[in-house]
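Colleague: Okay, here's the structure, questions in a sec.
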Amino acid sequence: MKMLIYLFLVPVVFASLVAFRPVAGKLISKNAHISFFSHTSLEDITANNYKVVSTLETTTGDVVYSVPMQSFEFEKALMQEHYNGKDFLNTKSFPKAKFDGKVTNISTVNFDKDGVYNVEVAGNMTIKETIKPVSAKGTITIKEGKVSAYTKFNLMLADYGIAFKKGKPSTNIAKEIEITVHADYLSE
């Protein structure tokens, strides 16, 4: 009887240890979501991209986002065509954008304890081979051993060589757009 109890308890204890192991090291998200929003008095434009890859190093705070630019989807096909075209993002010549930075206060996040942790992120954003510093506030949420990150910040299009002086885009596209980022991470 003791042997039967022992044979039952060992797998249960092992499964519990594996299921609730602390999160540490490099985490990866293969389907992070980035959206942007442009508001003008004439038109609101929203685009979504669910094919973003991100890594987060839990010990150093290093964070990277790789964004396939042609994967943004728009409500209207013509918007998507203009976005990918030579006059706007020229995604054939510049297929990826990248953020390479750091969660500057990673030590405040307890990856072993459920909670929502306020974080600050700073690094470099590369769009169309133009590199600019970006910083934002966000959250890292730990729930049942799962890690997710969220932030919202604004970008000036002209900082990346995207500016319209005349025509419909100059009135329909905001000069500053709102970027929202959400990533669910898994251990590598």
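Colleague: How far apart, in nanometres, would the label points at residue 131 and residue 93 be if each is projected 7 angstrom from Cα along the Cα-to-Cβ direction?
Modeller: About 2.0 nm separates the two model spin labels.
Colleague: Obtain the nm distance between the two label points defined at residue 40 and residue 186 by a simple spin-label model: each point lies 7 Å from its Cα along the Cα-to-C-beta direction.
Modeller: 4.1 nm
Colleague: Per 0.36 nm of contour for each residue apart, how much would the distance between residue 80 and residue 156 grow if the chain were fully extended, relative to their Cα-Cα spacing?
Modeller: Residue separation times 0.36 nm, minus the Cα-Cα distance, leaves 25.4 nm.
Quick note: the coordinates plus some simple rules give every number you see, no bench work behind them. From a predicted model like this one, the values you see are computed outputs, not experimental measurements. For neighbour counting, all protein chains shown are included, and Cβ atoms are generated from backbone atoms with ideal geometry for every residue, glycine included.
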